[in-house]
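Chemist: Submitted below is the structure of interest, expressed as structure tokens.
The values are calculated or read from the model by the stated rules, or taken from the named source; none is laboratory data. Everything quoted here is computed from the prediction, not taken from an experiment. Cβ placement follows ideal geometry from the backbone for every residue including glycine, while neighbour counts extend to all protein chains displayed. Surface accessibility is based on the protein's heavy atoms, side chains included, excluding ligands, DNA and RNA. Shrake-Rupley method; radii C 1.70, N 1.55, O 1.52, S 1.80 Å.
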Amino acid sequence: MQERDPKKLISIAHANGEQSAPEALDLGARVRELRKQRDWTLEHAASQAGLARSTLSKIENGQMSPTYEALKKLAVGLQISVPQLFTPPQRDQVNGRMIVTKVGEGSAHATATYEHELLADGLTRKNMLPYRARVRARSMDEFDGWVRHDGEEFMYVLTGVVKLYTEFYEPVEMRRGDSAYYDGAMGHNVISVSSDDATILWVTSLVQV
């Protein structure tokens with residue numbers, strides 16, 4: 001009987017369903033990578049997972065194959081799901097892009113119904129469009145029809161009280177701390193129902209072409 005390397009016991013099938021030549025995963029290396037990403041020592045990671053330090057060391061070095069219970073403990077300790085233990089990142093390199101927008105330094109764009117402040121405006125080819133908005137509209141009559149756009153959108157109420165109108169749902173009154181996630185192609189508008197203009201944070205996903 002041929003002896004199998006415990007580090008190679010778990011393999012990932014190709015996305016197209018092919019069963020031939022599956023891509024082997026070095027589970028020990030993956031666990032070590034996840035631990036080092038968090039800048040954790042062996043002792044700390046083992047404590048978080050409720051495992052003995054020696055057990056975690058053996059797993060990382062491919063000296064033992066963990067049971068499913070041990071895998072669940074590892075996932076909980078690393079604050080990920082079990083499948084994520086077996087799915088390394090798609091990109092090998094991190095581009096390290098970052099931009100900071102200080103208060104009041106966003107790019108201002110005013111409309112009849114909103115005052116938008118675009119955030120991270122200097123970063124090109126973004127996958128998300130974050131912006132803060134002051135809601136000036138008090139009635140749906142102030143809008144020239146529904147707002148629609150590609151992608152999905154997340155809205156978070158910062159101050160005041162707003163009412164979210166959407167094409168397929170009843171209007172929803174939302175207060176500070178409330179949030180909504182919806183399809184941007186569905187018609188939507190927001191009005192302020194508080195005495196002062198409300199402010200909200202919007203994050204819209206961008207479709208790359």
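Chemist: For the range 34-180, state the semi-axes of the equivalent ellipsoid (square roots of 5 times the eigenvalues of the alpha-carbon gyration tensor), sorted largest first and rounded to whole angstrom.
Modeler: 46, 19, 15
Chemist: Net charge within 13 Å of ALA75 by Cβ-Cβ distance, Lys/Arg positive one each and Asp/Glu negative one each, not counting ALA75 itself?
Modeler: Result for the neighbourhood of ALA75: +3.
Chemist: Once the piece of chain linking VAL193 and SER139 is laid out straight, how much longer is it, given 0.36 nm per residue of separation minus the C-alpha distance between them?
Modeler: Computed gain between VAL193 and SER139 is 18.6 nm.
Chemist: Where the accessible area of the range 114-190 is counted over protein heavy atoms with a 1.4 Å probe, how much of it, in %, is carbon and sulfur?
Modeler: The value for the range 114-190 is 48 percent carbon and sulfur by accessible area.
Chemist: Right, another one. Starting from the 7 Å offset along Cα-to-Cβ, what nm value, one decimal, do you get for the label separation of SER107 and GLU167?
Modeler: It is 2.7 nm.
Chemist: Now for a different question. As a test of reading the structure, rank HIS116, HIS44 by solvent-accessible area (1.4 Å probe, protein chains only), most first.
Modeler: HIS44, HIS116
Chemist: If you don't mind, there's one more thing I want to ask. Quick check: at a probe of 1.4 Å, how many percent of the accessible area of the range 31-82 sits on carbon and sulfur atoms?
Modeler: Roughly 47 percent of what the probe reaches on the range 31-82 is carbon or sulfur.
Chemist: Just grab the label-to-label distance for VAL147 and LEU206, each label 7 Å out from Cα along the Cβ direction, in nm (one decimal).
Modeler: Spacing of the two 7 Å Cα→Cβ label points: 1.7 nm.
Chemist: Could you work out how far apart the two model spin labels at MET128 and GLU33 are, taking each label as a point 7 Å from the Cα in the direction of the beta carbon, and quote it in nm?
Modeler: Between MET128 and GLU33, the label points sit 2.3 nm apart.
Chemist: A further question follows. Determine the gain in length on full extension of the stretch VAL100-HIS44; use 0.36 nm per residue of separation and subtract their C-alpha separation, reporting nm with one decimal.
Modeler: Additional length available on full extension: 17.0 nm.
Chemist: At 1.4 Å probe size, with every protein chain present, just tell me what the per residue accessible area of the range 111-190 comes to in Å².
Modeler: Solvent-accessible surface per residue comes out at 59 Å².
Chemist: Heavy atoms only, 1.4 Å probe, whole protein assembly: order TYR156, TYR169, TYR131 by accessible area, highest first.
Modeler: TYR169, TYR156, TYR131
Chemist: Evaluate the Kirkwood expression for the hydrodynamic radius of the range 97-209, namely the inverse of the mean inverse distance over all pairs of different C-alpha atoms, and round to one decimal in Å.
Modeler: Final number for the Kirkwood radius of the range 97-209 is 14.5 Å.
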